[in-house]
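Worksheet for the structure shown next.
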Amino acid sequence: MTHSKSPKFWRSRFFSAFDQIGVDPDRSLIQGEAFTRHRKITLPLAARLIASLSSASVRQQTHTFCKNNRISFTESAFCQARHKFDHSILKDASLDFAGQVSAESSLHKGKYRLIDIDGSSFPILPNPEELQNLVEGHGKPHWTLHFNAAFDLENKYYLDYQVQSAVDKNENGAALDFVSQYDHEGIPVWIGDRLYFSYELASQIENRGQKFLFRMKERNCLSLLPSGHPLDQEIDFTSCRRLVNTQKAVTRNSPEQYKYVPRGSVSLMTADQPELEFPYRIIITEISSQNEEDGTPLRTMEYLLTNLSQEEFSTQEMRELYHLRWNIEISFRDLKYVLNGRQVHSRSQNLIDQEINTAVMVYNLISVISKCDLPSLPGGKYLYQTNRKALSSIVLQFLNGKAAQKEVIWTIQNVVLPIRKNRHFKRAKSSTASTSTWK
């Protein structure tokens, strides 16, 4: 699906989001600093340069940026300007741009927005002054930030996100924030892996009239299945439990009507409302997967919990919805490797957060530009898609004025890849940050 806007239109919107943060130059400044209107490096200008950072050194990129924009300042002046403002001002610009691109996106079945909640670690350089990012763990200690995201799976946009220090890592808390702060068009279907399921999150989603789809652990399924149903047998079962936080004889003797949850674990349950209706649909289905190490085929049972109805979504459709989760994993890879999220240019969390915020904006820009035209179809047995890596490269050049709009459109149409189902690549994991020389 395409839209009527051009790459130039979205580039203009991208820069406008930065220009808005310069309206009030004192906003989000770090105490004791000044960012006057008459400085050579304005707040929007600093933001644009941060968005253009790649794997090269800050000195080299500052020189290139100044040359392209016919201005002059040193990398030292740029680094000093970055230290003057808090990263949150760039996050505001990023979320504002996310709202603009999501308004152009399609909805599943005309009314649902499929949103995956997941997180990924961003390795950073050691900084003894910020020990909150040191992970002792097992084996070799490393330094990291944790990136939590609410990601539109079909349209490939980041709708919301949080960057947490290693000490403050709280994926479930971030998920609850995403649910409570959702303000986009369409009914959200929150999709999460096993670690994200909780009755607190599911009940909050249900209470807001939204939808959820969680992959479940085996032990969490037992109390929700019909009595005696084995975990290795397929089922698509709709029911309702009353959540309670007291162990009484009536609740223990009626396990198909009541579900015990620890006191305080579900905030909607209070002294005035000690019980809570929890409608659900549980699906056990056999799926084909692959071993992460060698790609050998595996057949396993998958356990899914949802409040989507059987009338609207069949068992096969539920499997396909959950399979879409892989798109967020691909987006994390693009943030780290295509948009150089691992090529950090500082040891300070505030400055690294600035780069992550602009990388998310650039990712959304690439996604919305990819919908400005359709890839050509060379024929053969495969369907084709635009080569995302090639498009990212040309969009970054287009953003910096080194490529024309017609080159972007040509790349969308002609640099394509076949869509091959069930391809397998061993997942690459690293706890070490890369860095360029920023001095």
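Per-structure values
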read-out	value
Peptide ranges 325-333, 46-54, 187-195 listed from the most packed, as the mean C-beta count within 10 angstrom indicates	46-54, 187-195, 325-333
Net charge dipole size for segment 98-158 [Lys, Arg +1 and Asp, Glu -1 on Cβ; Debye, nearest 20]	300 debye
Whole-number D in µm² s⁻¹ for segment 186-279, Kirkwood Cα-pair radius fed into Stokes-Einstein, 20 °C, 1.002 mPa s	149 µm²/s
Overall dimensions of the chain as given by Cα atoms, namely Rg and Dmax in Å	23.9, 79
FRET efficiency, 1/(1 + (r/R0)^6) with R0 56 Å, evaluated for residue 286 and residue 402 via beta carbons	0.65
Solvent exposure of the chain as accessible area per residue, Å², 1.4 Å probe	49 Å²
Percent of alpha-carbon pairs separated by more than 16 Å within segment 245-318	67 percent
Other-chain or far-sequence residues with amide H under 5 Å of residue 161's (modelled H)	150
Antiparallel content of DSSP bridges confined to the chain, in %, to 5	75 percent
Largest to smallest principal axis extent of the C-alpha atoms in segment 110-235, angstrom	53, 39, 23
Relative contact order (%) - criterion: Cα under 8 Å, at least six apart; region: the chain	20 percent
Apportionment of accessible area to carbon and sulfur, the chain, percent (1.4 Å)	48 percent
Virtual spin-label span in nm between residue 327 and residue 272, 7 Å along Cα→Cβ	4.1 nm
Candidate residues 96, 183, 160: accessible-area rank, largest first, probe 1.4 Å	183, 96, 160
Net lengthening on full extension, residue 350/residue 6 (0.36 nm per residue, minus Cα-Cα)	120.5 nm
Value in Å of the Kirkwood radius, where segment 52-195 supplies the Cα pairs that are averaged	18.0 Å
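The values are calculated or read from the model by the stated rules, or taken from the named source; none is laboratory data. Nothing here was measured: the structure is a model prediction, and the numbers come from that model. Glycine gets a Cβ as well: all are built from the backbone with ideal geometry, and neighbour counts include every protein chain shown. With ligands, DNA and RNA removed, areas are computed over all heavy atoms of the protein, side chains included. Shrake-Rupley method; radii C 1.70, N 1.55, O 1.52, S 1.80 Å.
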